[in-house]
Amino acid sequence: MLSETKNLTWPEFQALSPEEKKPYFNENGKIFHCLHSQQFDREFIDHIYKLTNVIRSISKSKKGALFLQGLMPHYKAMLYFMQPSTRTYLSFRTACQILGIQTSDVRDASISSEVKGETFEDTIRTFSSYFNFIIMRHPKEGYAEQAAYCLNNSERPIPILNAGSGKDQHPTQAILDIYTLIRSFEHHGGLEGKTIILAGDLLRGRTVRSLSKLISFFPGTKLILSSPEKFKMSEDVISFLKEKKVHYTVSHEFVKHLPDADAIYMTRVQDEHDTGNDKSEKSFPEFSLRAEHLPILKEHCAIMHPLPRREELDSAIDNDPRAKYWRQERNGMWARAALMSHITGYDQKIMCYWADICKQANHTADI
Ligand code: NCD
């Protein structure tokens, strides 16, 4: 059972640690609301990795695609996106299509009843009257959690999937990023022990904040946190890394670390979060990966970016086999389908279907 939040005010609930929040977000130990990456563990990541590969393989045939589309036609998802989005919105939407889930969206606050003064809580409850999932992106940190807090006390507590909450978290991006990293090193000794550079605006980049937390599941993996001084990784993530004994280096240099990297994760300046007159530069040339750097990178270095990009990632790199960002983008669709099938328990059916296919074809179900 999902714990009710009735006995706690919202500020009291907000003050709980991620560990204390788990019973409110997980049901019988399994993810229900997907809100931040501290909810995940290695077992979950390994399961989603396998499930993503299985869904990807099953989808290749018409018969397989129809099987997947037949799984959840009785489910509906609301895509509530209050911040600009291309990839996350489309990948969630196509993930829903893969599983036969019907979708609707609200992408513009000016056409929602919020302009008539409806509260955020009432908007969320209204969505829960019609839908089985709320997939939401919001400029305010904590709003996805507040939606879960409010629905846990209602008679229709449906899953909330955080598709980006302000500067704070982007847990489903972290799932697809870790999937891409594991897949990139599948034939190169695994992700354990690898050196990963996270570069750019680490202070306000929610993708790197969520991803850093998952690195702790892969022993021996080293992080180089490379950013301009004013955009260095914030203390909460640093203390998490310390607590989990993740080997990390904070650096205000970039190019000098490139030869050591097994993966480089670039990010853009998150200037939508600028406040007052303090306007950021559009990009930092010294934290840019350019074609001229390619010769100094390792042969199997994985170049990643959550996209959209600006000058920090030279498009002349796109055709280099080490550029993984277009695959990373596509991986998001499969990984999000895996997540939604896991939350609803349809992953069991998918795994059984795959095991049957493998039995018929006489090959192992390992993928
Ligand atoms: C990121 C985001 O929105 O946080 N994009 C994405 O979801 N793929 C990164 C960004 O906008 O820079």
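Since every read-out is calculated from the coordinates, none of them should be taken as a lab result. Since the model is a prediction, treat every value here as computed from it, not as a measurement. FYI the Cβ positions are ideal-geometry reconstructions off the backbone, even for glycines, and counts take in every protein chain you see.
What does the net charge come to around residue 279 if you take all other residues with beta carbon closer than 12 Å to its beta carbon, with K and R at +1 and D and E at -1? Numbers along the way, then the final one.
Values: positive: 282; negative: 271, 272, 274, 278, 281.
Computed value for this residue: -4.
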Everything considered on the Cα gyration tensor (a ≥ b ≥ c; rounded for a/c under 1.5, else prolate if a/b is larger than b/c, else oblate), the range 258-367 must be described as oblate
Those lysines that a straight Cα-Cα span of less than 28 Å connects to residue 359, excepting residues fewer than 8 apart in one chain
50, 60, 62, 63, 349
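Just check the chain against the gyration tensor rule for me: Cα atoms, a ≥ b ≥ c as the square roots of the eigenvalues, rounded for a/c under 1.5, and otherwise prolate or oblate depending on whether a/b exceeds b/c. Please report the intermediate quantities before stating the final value.
On the way: a/c = 1.62, a/b = 1.15, b/c = 1.41.
It is oblate, given that a/c is not under 1.5 and a/b is not larger than b/c.
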Taking the Cα centre of the chain as origin, work out the dipole magnitude from +1 charges on Lys and Arg Cβ and -1 charges on Asp and Glu Cβ, in debye rounded to 20.
1040 debye
Using the charge dipole of the chain (Lys, Arg: +1 at Cβ; Asp, Glu: -1 at Cβ; taken about the Cα centre), state which of 49, 173, 289 has its Cα farthest towards the positive end.
49
Choose one answer from 55, 296, 134: the residue with the largest mean-square fluctuation in a GNM of the chain with alpha-carbon springs under 10 Å.
296
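Using the crude model of +1 on Lys and Arg Cβ and -1 on Asp and Glu Cβ, and no other charge, please compute the dipole size for the range 123-278 relative to its Cα centre, in debye to 20. Walk me through the numbers before you get to the answer.
Numbers: 19 positive and 19 negative charges, 52 e Å.
So the dipole magnitude of the range 123-278 works out to roughly 260 debye.
For the chain, what relative contact order do you get, as a whole percent, if you take Cα pairs closer than 8 Å and at least 6 residues apart? Intermediate values should be presented prior to the final figure.
Values: 643 pairs, mean separation 62.3, N = 367.
Normalised by residue count, the contact order of the chain is 17 percent.
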By the mean-Cβ-within-10 Å protection proxy, highest first, 309-315, 194-200 rank as 194-200, 309-315
Defining a contact as two alpha carbons under 8 Å apart and six or more residues distant in sequence, what relative contact order in percent does the range 299-367 show?
25 percent
Under the helix-only model (-39500 (n - 2.57) for each DSSP H run of 4 or more, divided by the residues of the chain), the mean residue ellipticity at 222 nm, to 500 deg cm²/dmol, is -11500 deg cm²/dmol
Expressed in nanometres to one decimal, the distance between label points 7 Å along Cα→Cβ at residue 42 and residue 3 is 2.6 nm
Can you give the net charge of the other residues whose Cβ lies under 12 Å from the Cβ of residue 22, counting K and R as +1 and D and E as -1?
-2
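Could you please rank 91, 3, placing first whichever residue has the fewest other Cβ atoms within 10 Å of its Cβ? Can you show the working numbers first?
Working: 91 24, 3 15.
Listing 91, 3 from fewest to most nearby Cβ atoms yields 3, 91.
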Overall dimensions of the range 171-329 as given by Cα atoms, namely Rg and Dmax in Å
14.6, 49
How big is the antiparallel share of DSSP beta bridges in the chain, given as a percent to the nearest 5?
10 percent
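Rounded to the nearest 20 Debye, what is the dipole magnitude of the range 295-367 about its Cα centre when Lys and Arg each give +1 and Asp and Glu each give -1 at the C-beta? Spell out each step's value before the answer.
Values: 10 positive and 10 negative charges, 39 e Å.
Roughly 180 debye for the range 295-367.
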